[in-house]
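Below is one structure, written out as structure tokens, with a few remarks after it.
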Amino acid sequence: MATRAARAERIQGILEDLYPEVPIPLDHTDPFTLLIAVVLSAQTTDKKVNEVTPALFARAPEPRSMAALDPEEVRALIRVIGLAPTKARNLVGLSQQILDLHDGQVPHTFEELEALPGVGHKTASVVMSQAFGVPAFPVDTHIHRLATRWGLSSGKNVEATERDLKRVFPRETWNRLHLQIIFFGREHCPARHHDLAACPICSFAATGVRKRAEAVRNQPGRRA
Ligand code: SF4
């Protein structure tokens, strides 16, 4: 069986071929609007976020105007996405904190970002990576699941998977790979009945044990 490093190199080559361009999926114009969009994207789709942010950013394009809004007004502007009441409160709260503690600028450190309301490690990683170009590997449940299927991690949780992925891929490729894995997952992995042999990655990356588990999981009526 190929080593984890060899498997990673092959997967990276496939993802590079499939996705040479890695556009950021959330519409934004600067670090603040990206941060807002990423906070909104929890437990919903980027497409839905991109539908609500034009009206939100027209009303409040920077921290001062966002902090001045009533959370109820924000909630009304984002109501079609999940967890709207909590997210509305967080958007107003994080904008106020950016004004109070960071001179109105989105902070550049994980510690400061993760201290903002509604911002966890994954959100902070996306902002560090996509707004500031700092190498990071944001891992959500989808990337966690794929990293396990592809034999790149034996991590029991997203934190362990992040550590494994950072070990196995070169640091300068983390920001691209995070997006490439997301694009691959969206394009290939939601299908119900996976043909492991036909899949560009699982055909060689899934181990025997995983293949047997996949065969069971992909029986008609079971989700991928
Ligand atoms: S077999 Fe399914 S889960 Fe594995 S990479 Fe292909 S599409 Fe994704």
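A few comments on the model shown:
- Test: residue in the range 181-190 that is more than 11 Å from the ligand (Cβ to nearest atom) and either out of contact with any Gly (no Cβ under 6 Å at 6 or more places or on another chain) or not in a helix (DSSP H, G or I) (or both): yes
- Subset of the range 114-131 [farther than 19 Å from residue 93 by Cα and of a type in the set (Gly, Ala, Ser)]: 125, 129, 131
- Residues in the range 117-140 that are of a type in the set (A, V, I, L, M, F, W, C) and assigned to a helix (DSSP H, G or I): 124, 126, 127, 128.
- For the range 40-52, a tally of residues being surrounded by fewer than 22 Cβ atoms within 10 Å (Cβ to Cβ) and in a helix (DSSP H, G or I) returns 6.
- Single residue of the range 147-177 satisfying the filter (within 16 Å of the ligand (Cβ to nearest atom) and of a type outside the set (A, V, I, L, M)) that is nearest to residue 133 (Cα to Cα): 161
- Residue, modelled with the highest pLDDT, within the range 201-216, restricted to residues that are surrounded by 14 or more Cβ atoms within 10 Å (Cβ to Cβ) and either over 23 Å from the mean Cα position of the chain (by Cα) or within 7 Å of the ligand (Cβ to nearest atom) (or both): 201
- Complete set of residues in the range 141-158 that are surrounded by 14 or more Cβ atoms within 10 Å (Cβ to Cβ), at pLDDT 90 or above and not in a helix (DSSP H, G or I): 150, 151, 152, 153
- Test: residue in the range 11-18 that is among the polar types (S, T, N, Q) and more than 19 Å from residue 133 (Cα to Cα): yes
- Of all residues in the range 101-135, exactly one satisfies the criterion of being over 27 Å from residue 179 (Cα atoms) and either in contact (Cβ under 8 Å) with a residue 60 or more places away in the chain or out of contact with any helix residue (DSSP H, G or I) (no Cβ under 9 Å at 6 or more places or on another chain) (or both), namely 103.
- The one condition in (1) under 21 Å from the mean Cα position of the chain (by Cα); (2) surrounded by 17 or more Cβ atoms within 10 Å (Cβ to Cβ); (3) over 17 Å from residue 28 (Cα atoms) that residue 120 fails to fulfil: (2)
The values are calculated or read from the model by the stated rules, or taken from the named source; none is laboratory data. Computed from a prediction, not measured in an experiment: that's the story for all the values here. Cβ coordinates were reconstructed from backbone atoms using ideal geometry, including for glycine residues, and neighbour counts include every protein chain displayed.
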